[in-house]
Every structure is written in structure tokens, then in C-alpha cells.
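Notes to accompany the following structure.
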Amino acid sequence: MSDQWVQYRPKLQIYEILDKPGGVAVEQALQRAEEALEQHRASATHAIRESVTRLEAIVRERGAPDPEQVYAQAGFVLDIAGVYMPALCRASQSLCELVHRLRALGKWDWAAVAVHVSSMRLLLEMRDGMEGAVQSVLDGLAAVVAKYPDPCPPDPPRSAPVPAAS
Amino acid sequence: MNGANLPAHLRINLEASTILFIDDNAMSLEILGSVFYGFGCKDRVKCANLEDAKNILLSRRVDLIFLDAGFPDDGWYKFMQWLRRDTADPMCFTPVIIISGHSTRALVRKARDCGAHFTVAKPITTGVLLNRLAWIAHEQRPFVRNAIFAGPDRRWKNNGAPPGTAGRRSGDAQEDNTEEPARASA
């Protein structure tokens, strides 16, 4: 493959989905999708509860640090909770990030893990209409994670174009 | 407007489309498949591992792929390399949306460079998924390929070559000052 850019304009079938007769209106599609999601809510909630309970057991025992197991359980909750419990999803994302940073440093912090797990339980049991409290919990978790540096540095700022020589 | 930030009069017809979902979490597969059932897609193929996904792609037409970025050892990235580099036209152009769970900065960079159309970070919403789908259909972004990248053109606004440079693409000089597509006009 050469350094030369080659451009293609393929005609794909997916490009026709907006022009084809029939189909469903956007509102209807969204409503149907939400209804379809409801069918999985009970089993998803059950699976999430099991994972949070496992995390609580890990924190209670405080055996040898097992970052992989904590990351896997948090990752499972993150995967499932997204469409049903976005705040819980964000809390599990925060726990994944904490473990990721601790692993990179070769450290472990049970207190930081424990506060995440108890926050996940809190968010799991919280009723709707408590957005302020939810945000406070998530802000608190972000502060805990921020104690440890991100092992992957941010992208360098884009350099300004070199002015043409006069 | 609505949860998908799309015009209310817009209709989407996925009845004849085949969508492949690749995720090693069975429940995630079910959830994502249900969303697209709601959107009207009848042919939803769910796949829990990357090798099976390759075989599916080699045996039938797929119009869109949702790929989870949680596969170990960067398997999802290698899959993208295979799809974009080693498969024939039109399969190599199949639109891909990456779904990411825990998004490290390194993963976000890789997702940007792997030749996917979009990366959607969890928590996902039905509105975001429908919006991205409509975008792919509406924008019909050209594909570009060279030694280091193969995938949809990542330049959203084509103002020709970057200032102070001669440009790297043959079309840079001709396409100067092309209007940016309206983002909400899908």
C-alpha cells in the first residue's frame, strides 16, 4: 500500500434506509425500541445486582488485591447498566478507571474501591428524581479517581501551521 | 426534534437491512439487538466472538456492524484491520460503529484510527444509536485508504490542505472551501 491517498465512494444499501418507502417514523422507532428494552429490564437488573453483590463480597474480604476480578465485575455492570441505569453505568466506569490507574502504578487502594462499590449499591437502590444527589455521588467518585494520574497522557495540542517564508 | 435529535418527519426503513452485533457479553447482545428490533430491523445477527463474526461476513451480506471494544488483546482492533484491509469490495466498506465501555484515552485513539464510522461510549441511549445510524445513511462519507489508514474520511470539513502545507490528497486543491454538511439535517 502506497502513501498516496485513494478515495472511494461506494454505494451501500444502508445509505438507502432514509429514502425507502415504508419504514417507521423516528418517534415511533424510539418508542418501539424503549418497549423492546423493557423486556430485558428485570433480567438485566438481576444480573447487575449479582455483580454488585460480588463486588461487595470482594471488598468485605479484602484478600490479596485482584484488580482483574474487580475490573471484570465493574465492566460487566458498565456493559449492562447503560440503557437502564446511566448513573450506575457511570459509577462502574469510574471504578474501571480507578483500577486501570492503580494497575498502571502497581498500587492498590481498598478504601477507594470500597467507596465506589458502596456508591454503586446506593445508585442501584436510588429512586428517580434524585438527580442532585446522583451528581454529588458521581462528582465524589471522580475526585477519588483523580488522586491517581492517568497513565495515558493527553494528545499534544495541534501545532500552528508554519508561516510561509517571505 | 426528539431523543435522536432528528427531524420528526424522517422515516427509517431497516426492513431489508442486516445488522451484525459483535459482543462477548450475551446480555449486551440481547439488549442491542432489541433496540434495533424496535427500529424495525428484522435481520439481526448476534455474534459472541470475532472468528465467528469473520465467517458470517464471508458468507453473507451485512449492511452495518456494531462492534464492542471490550474484546481482549485488542481483538476488536485487529478485526477492524482485517475488515478494512483484507476483505474485498464491498465488504471492506461496511460501516462500523464501535461501542466502548471503559474508554481509556488509548482506546479512544485506537477507535479513532481503526476505520470505524463512530465510537459510541456507554451509557448509550436509543436516541444516540438512531442518530448515528441516520448520520451514516445521510452523510455517505467517502472512504479513503493509504498505507496508514483505511476507513471513512475523518475530515468533517474539507477546506483543502491544512494552511502552510501542500496537502497530501489529490483532491485537496479542487475541493477547497467545500461547505461543511449540516449536522442536524439528516
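The values are calculated or read from the model by the stated rules, or taken from the named source; none is laboratory data. Values in this document were obtained by computation on a predicted structure and should not be read as measured data. So basically every Cβ, Gly included, is an ideal-geometry build from the backbone, and we count neighbours across all protein chains shown.
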* Hey, B:D24 modelled with pLDDT under 95, exposed (fewer than 15 other Cβ atoms within 10 Å of the Cβ) and more than 9 Å from every other protein chain (Cβ to nearest Cβ) or not -> no
* To do: Go over the candidates B:F66, B:F36 one by one and state the one that is at pLDDT 95 or above, part of a helix (DSSP H, G or I) and either more than 15 Å from the chain's Cα centre (by Cα) or not basic (K, R) (or both).
  => B:F36
* Asked: Within the bounds of segment B:31-51, is there any residue that is small (G, A, S), more than 12 Å from chain A (Cβ to nearest Cβ) and in contact with a helix residue (DSSP H, G or I) (Cβ under 9 Å, 6 or more places away or on another chain)?
  -> yes
* Restricting attention to segment B:143-151, does a residue exist that is more than 10 Å from chain A (Cβ to nearest Cβ), crowded, with 19+ Cβ neighbours inside 10 Å and at pLDDT 60 or above? -> yes
* **Residue, farthest from the other protein chains (Cβ to nearest Cβ), within segment A:74-92, restricted to residues that are touching a His at 6+ places or on another chain (Cβ under 9 Å) and either surrounded by fewer than 24 Cβ atoms within 10 Å (Cβ to Cβ) or of a type in the set (D, E) (or both)** => A:Y84
* Would you check which residues across segment B:112-126 are facing chain A (nearest Cβ under 8 Å) and either out of contact with any helix residue (DSSP H, G or I) (no Cβ under 6 Å at 6 or more places or on another chain) or closer than 26 Å to B:P72 by Cα (or both) and list them? => B:K122, B:P123, B:I124, B:T125
* **Criterion (within 29 Å of B:L29 (Cβ to Cβ), surrounded by 22 or more Cβ atoms within 10 Å (Cβ to Cβ) and in contact (Cβ under 8 Å) with a residue 40 or more places away in the chain) met by exactly one of A:V99, A:V134, A:V113** => A:V113
* To do: Select from segment B:1-21 the residues that are crowded, with 23+ Cβ neighbours inside 10 Å and either touching a His at 6+ places or on another chain (Cβ under 8 Å) or more than 17 Å from B:I65 (Cβ to Cβ) (or both) and list them in ascending order.
  => B:A4, B:L6, B:I12
* Hits in segment B:105-142 (condition: under 22 Å from A:P151 (Cα atoms) and either of a type in the set (A, V, I, L, M) or surrounded by fewer than 18 Cβ atoms within 10 Å (Cβ to Cβ) (or both)) -> B:R105, B:A106, B:L107, B:V108, B:R109, B:A111, B:R112, B:D113, B:A121
* Are there any helices (runs of 4 or more DSSP H) wholly within segment A:1-108 with 1 or more residues that are over 30 Å from A:A142 (Cα atoms), and if so which? -> A:26-61
* Structure fact -> Note on segment B:1-21: residues more than 22 Å from B:V96 (Cα to Cα), within 7 Å of chain A (Cβ to nearest Cβ) and of a type in the set (A, V, I, L, M, F, W, C) are B:A8, B:L10
* Check B:R61, B:R132, B:R109 and return the single one that is without any contact (Cβ under 8 Å) to a residue 60 or more places away in the chain, within 9 Å of chain A (Cβ to nearest Cβ) and either β-branched (V, I, T) or closer than 30 Å to A:A87 by Cβ (or both). => B:R109
* Matching residues, segment A:1-51, being at the interface with chain B (Cβ under 7 Å from one of its Cβ atoms), over 24 Å from the mean Cα position of the chain (by Cα) and among the polar types (S, T, N, Q) -> A:S2, A:Q4, A:Q7, A:Q13
